[in-house]
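Heads up: the structure comes next, in structure tokens.
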There are 2 protein chains.
Amino acid sequence: MTRKTPSKKPDSLPPDSEAAFLAGYDATVFERPSVAVDVVVLTASRGGLRVALYLRSEHPGKGRWALPGGFVRMDESLDAAAARLLRDKAGLSDLFIEQLYTFGAPGRDPRWRIITVAYYALVDPRRFDEIRVEKGARAASIHVPWSGEEGGPVEVRGDADKPLPLAFDHAEIIGTAVKRLRGKLDYTPVGFQLLPAQFTLRALQDVHETVRGESVNKDSFRRRMLAGGLIEATGEHEREVEHRPAELYRFIRRSAV
Amino acid sequence: MTRKTPSKKPDSLPPDSEAAFLAGYDATVFERPSVAVDVVVLTASRGGLRVALYLRSEHPGKGRWALPGGFVRMDESLDAAAARLLRDKAGLSDLFIEQLYTFGAPGRDPRWRIITVAYYALVDPRRFDEIRVEKGARAASIHVPWSGEEGGPVEVRGDADKPLPLAFDHAEIIGTAVKRLRGKLDYTPVGFQLLPAQFTLRALQDVHETVRGESVNKDSFRRRMLAGGLIEATGEHEREVEHRPAELYRFIRRSAV
DNA sequence: AAAATAGTGTCTATGAGACACTATAGT
DNA sequence: ACTATAGTGTCTCATAGACACTATTTT
């Protein structure tokens, strides 16, 4: 890692000049923010949207719940850092994961300046429940106080619907993830990431209703999904249900066209 | 600015524990990436999409063209840094500006680790052309080698369609901005940010066609825009044109509902 | 048989595209 | 009068919602 020596540091420069730009450049050699990555691990089931949280046992944010996160290493990309944290803290890999937004308000961490690049990951409920239960890990249900894609912070609740206090600006980060997910649901194949490999149309509809926070028209939904060319029937049917078993479908990954 | 002293640094910790998290935390006291902000200033006219670029006069990237950018100060938010850079480097303020994506590949800057939070700003062609012409400022036209919202790097060209070499990963950053703009055009009032306060429906259609890179149906477009409730007629008409003058419209900012 | 959900067929309302037409400016 | 663009009316087609109906499993 080579560092530019802070030799060139002119006092007066014409504003907006390239030289002024480079002067500002050198200044950061002395003081830099820390850069972290936080991951919003989301799942959807009939009970609603859930997120993986960890209880902070030390200050700051002691006694509050936080997203899995950590600092970016100097030799890894942001995507790699997110994948590493997901693996180390939640024991999950090979998930859909995407960069969400970067949060950098000066006071968001009381210690010093920490800029966090937030990611969100999607996982089906079965794998979500398999998250290694380490000290303090918990699946919290998300309550969205806004409708549509307005955005804003959310509330999370634990067992018995008890509200969980969130550390830092994590309520806003989770809210941003929900907003993004709602926006992508209709136009991308993101919904399938919240389901196991095989699923019924009803399960797919449940996912859409859970994410959007409102019910959708059953007939239209079925037609749209079947006409979309993104799923195909497996020929198999679900078993051990108390009613007529539905056919199982699988998601077709868009092949190279 | 208080710094946690690097006193606590245990050698062996149970993996995935909170203590391990905090150890990783302390490590960053010693080595941190720099954090920059780059702004993609976009405008649309019948000639196509254009972006504001600056010639780099020093290494790295000497002789190449770069987005206006600079380092985030320790006491300002990311949004504030973007607004400051837009004002100082392009002389523009009060524009639509939004965070785009954060680029952090380890090798993207050959000097040392620089993570850049990219923003994009939209401006109408008249104001774009008013950008203070300082040393090296230039409006480059964007050529998009992909269709729809596939994404990927773009090419930029200067006068006489001469290709301009871009510094760092700025071709990818501009491509990401174009992709985002295309995605938002149909579902948000973002198109109006590329027009002056009063505009004709034809001008609005030009903006959509320029951004999307393909022609749209005239009748349907007019109906959609008029039915959308986002614009209203001013009663005035354009003047000094070689044909029937069109009515001028204005964008209605969504009032609190 | 009753209950519950899966899955199908048909009608209707809405909105986009296509096309034909009229209107109004400059030359 | 001719040309270019603005703006309107109407037809058709595709799709979403609504509703009624049939199908298949467990209890």
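Using 31 Å as the Cα-Cα cut-off, could you pick out the over-long pairs in A:Lys89/B:Lys184; A:Lys184/B:Lys89; B:Lys89/B:Lys162; B:Lys62/B:Lys179; A:Lys162/A:Lys218? Numbers along the way, then the final one.
Values: A:Lys89/B:Lys184 34 Å; A:Lys184/B:Lys89 34 Å; B:Lys89/B:Lys162 24 Å; B:Lys62/B:Lys179 28 Å; A:Lys162/A:Lys218 33 Å.
Going by Cα-Cα distance, A:Lys89/B:Lys184; A:Lys184/B:Lys89; A:Lys162/A:Lys218 fall outside the 31 Å limit.
Sorted shortest first, the separations between the B:Ser215 label point and its copies elsewhere in the assembly read 4.7 nm; each point sits 7 Å from Cα along the Cα-to-Cβ line. Counting other Cβ atoms within 10 Å, which GluC sites (Glu not before Pro) in the range B:149-257 have at most 16 and lie in a DSSP loop? Within the range B:149-257, the qualifying GluC sites (Glu not before Pro) (loop, at most 16 other Cβ atoms within 10 Å) are B:Glu149, B:Glu150, B:Glu214, B:Glu238, B:Glu240, B:Glu242.
Taking all pairs of distinct Cα atoms, average 1/r, flip it, and tell me the Kirkwood hydrodynamic radius of the range B:165-257 in Å to one decimal place. Provide the component values of the computation, followed by the final result.
Values: mean 1/r = 0.0670 Å⁻¹.
Over the range B:165-257, the inverse of the mean reciprocal pair distance is 14.9 Å.
Assume the label is 7 Å from Cα along Cα to beta carbon: what separations in nm does A:Glu236 have to the matching positions in the other copies? Inter-copy label distances (nm, one decimal, shortest first): 6.7. Per residue, the convex hull spanned by the Cα atoms of chain A measures out at 195 cubic angstrom.
Looking at the range B:187-250, the trypsin sites (Lys or Arg not before Pro) that sit in a DSSP loop and have at most 16 other Cβ atoms within 10 Å of their own Cβ are B:Arg239. Once you mark the chymotrypsin sites (Phe, Trp or Tyr not before Pro) that are in a DSSP loop and have at most 14 other Cβ atoms within 10 Å, what is the longest gap between them in chain B? The longest such stretch corresponds to B:31-145. Ranking A:Ala105, A:Ala140, A:Gly151 by Cα position along the charge dipole of the range A:34-183, where only Lys, Arg, Asp and Glu carry charges on their C-beta atoms, puts A:Ala140 farthest toward the positive end.
Shape of the range A:34-183 from its Cα gyration tensor (a ≥ b ≥ c, root eigenvalues): rounded if a/c is under 1.5, otherwise prolate when a/b > b/c, or oblate?
Details: a/c = 1.28, a/b = 1.17, b/c = 1.09.
Note, shape of the range A:34-183 comes out rounded.
Computed from Cα atoms, the angle from the helix B:170-185 axis to the main principal axis of chain B rounds to 50 degrees.
Summarise the partner chain shielding of A:101-109 as one whole number: the mean count of Cβ atoms from other chains within 10 Å of each residue's Cβ.
Working: counts 5, 11, 3, 12, 5, 8, 2, 1, 0.
The per-residue average across the peptide is 5.
Placing +1 on each Lys and Arg Cβ and -1 on each Asp and Glu Cβ, with no other charges, gives the range A:34-183 a dipole about its Cα centre of roughly 340 debye. Rounded if a/c is under 1.5, else prolate if a/b beats b/c, else oblate: with a ≥ b ≥ c from the C-alpha gyration tensor eigenvalues square-rooted, which is the protein assembly as shown? Taking the square roots of the gyration eigenvalues as a ≥ b ≥ c, the protein assembly as shown is oblate.
Mean-square fluctuations from a GNM of chain B, with a 10 angstrom spring cutoff on Cα atoms, peak among B:Ala160, B:Ala139, B:Ala83 at B:Ala160.
Checking every one of the trypsin sites (Lys or Arg not before Pro) in the range B:77-125 against DSSP loop status and a limit of 15 other Cβ atoms within 10 Å picks out B:Arg111. Each helix, a run of at least 4 DSSP H residues, gives -39500 (n - 2.57); summed and divided by the residues of chain B, these come to -8000 deg cm²/dmol at 222 nm.
Only the coordinates and a few stated rules stand behind these numbers; no lab work does. Just so we're clear, the structure is a prediction, and the values are computed from it rather than from any experiment. Cβ: placed from backbone, ideal geometry, glycine included. Neighbour counts: every protein chain shown.
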